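Note sheet for the following structure.
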Amino acid sequence: MFTNKDGSVTITKTDDEMAGKSVVGPKEMFNYELLKKYSKDISILFIEDDFSIRTETKELLEEIFAIVHIAVDGKDGLEKYLDFYEKHNTYFDLVLSDIKMPNMDGIALIKAIYEKNTKQIVLVLSAHNESEYLMKLINLGIRQFILKPLEYNNFFDVIFKINRDIYFEKNKEKTSDLIKLAENLFWNKKNIE
């Protein structure tokens with residue numbers, strides 16, 4: 001990953017990531033500075049039982065989010081979720097969870113979270129062989145899945161869109177004059193005068 005002079009980030013995929021995939025080119029760009037702006041006040045709880053995935057993803061999340069909490073399984077994740085609410089009187093903005101974990105799996109965790117907060121935004125990490133869980137998760141209301149191992153371009157794209165939505169929701173008063181024209185294009189109504 002390289003930060004360009006204009007604030008955009010170039011992510012170069014490895015040969016392994018590109019093998020067998022239809023892509024326009026080896027590099028994709030997005031505005032990393034805009035991602036940082038959207039993420040600066042967003043809290044995330046990341047739940048993953050695999051040590052190497054947890055460690056690598058934690059480092060990545062800490063580059064993006066202001067507040068990052070890590071849990072090692074579903075039970076630990078639920079405890080940290082409830083503790084965060086108790087200490088801050090607000091829930092995490094975003095929960096990112098694995099599905100298959102010891103002590104409490106991702107489905108049980110998400111059900112427990114939704115019992116406390118039906119509006120919680122949850123992203124699910126899923127290995128290719130966990131498709132039997134996907135229907136259960138869709139029925140719970142999960143709309144976004146991120147496949148493991150992480151493909152960074154896809155990961156950043158998903159995180160960017162969700163963080164942008166959270167940012168605008170948190171800043172409704174400040175952004176009420178903005179009209180969305182396209183995916184990343186807004187028009188300020190105040191400019192008419």
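Quick one: is F155 part of a helix (DSSP H, G or I) and in contact (Cβ under 8 Å) with a residue 40 or more places away in the chain?
yes
How many residues does segment 39-70 hold that are open to solvent by 70 Å² or more (accessible area, probe 1.4 Å) and assigned to a helix (DSSP H, G or I)?
7
With the structure loaded, tell me whether A127 is under 24 Å from K161 (Cα atoms), more than 13 Å from the chain's Cα centre (by Cα) and surrounded by fewer than 17 Cβ atoms within 10 Å (Cβ to Cβ) or whether it fails that test.
Yes: the conditions hold for A127.
Scan segment 62-102 residue by residue and report those that are modelled with pLDDT under 95, more than 21 Å from K36 (Cα to Cα) and out of contact with any strand residue (DSSP E or B) (no Cβ under 9 Å at 6 or more places or on another chain).
Once the filter is applied, which keeps residues that are modelled with pLDDT under 95, more than 21 Å from K36 (Cα to Cα) and out of contact with any strand residue (DSSP E or B) (no Cβ under 9 Å at 6 or more places or on another chain), segment 62-102 yields only P102.
Taking the condition of being open to solvent by less than 20 Å² (accessible area, probe 1.4 Å) and of a type in the set (A, V, I, L, M), how many residues in segment 71-111 meet it?
Number satisfying all stated conditions: 8.
If Y91 satisfies every condition in (1) within 19 Å of F155 (Cα to Cα); (2) in contact with a Phe, Trp or Tyr (Cβ under 7 Å, 6 or more places away or on another chain) but one, which is the exception?
Of the numbered conditions (1) within 19 Å of F155 (Cα to Cα); (2) in contact with a Phe, Trp or Tyr (Cβ under 7 Å, 6 or more places away or on another chain), the odd one out for Y91 is (1).
The values are calculated or read from the model by the stated rules, or taken from the named source; none is laboratory data. Quick caveat: nothing in here was measured; it's all calculated off a predicted structure. Don't worry about glycine lacking a Cβ; one is built from the backbone with ideal geometry, like all the others, and counts go over all protein chains shown. Ligands, DNA and RNA are excluded from the accessible area calculation, which covers all protein heavy atoms including side chains. Shrake-Rupley method; radii C 1.70, N 1.55, O 1.52, S 1.80 Å.
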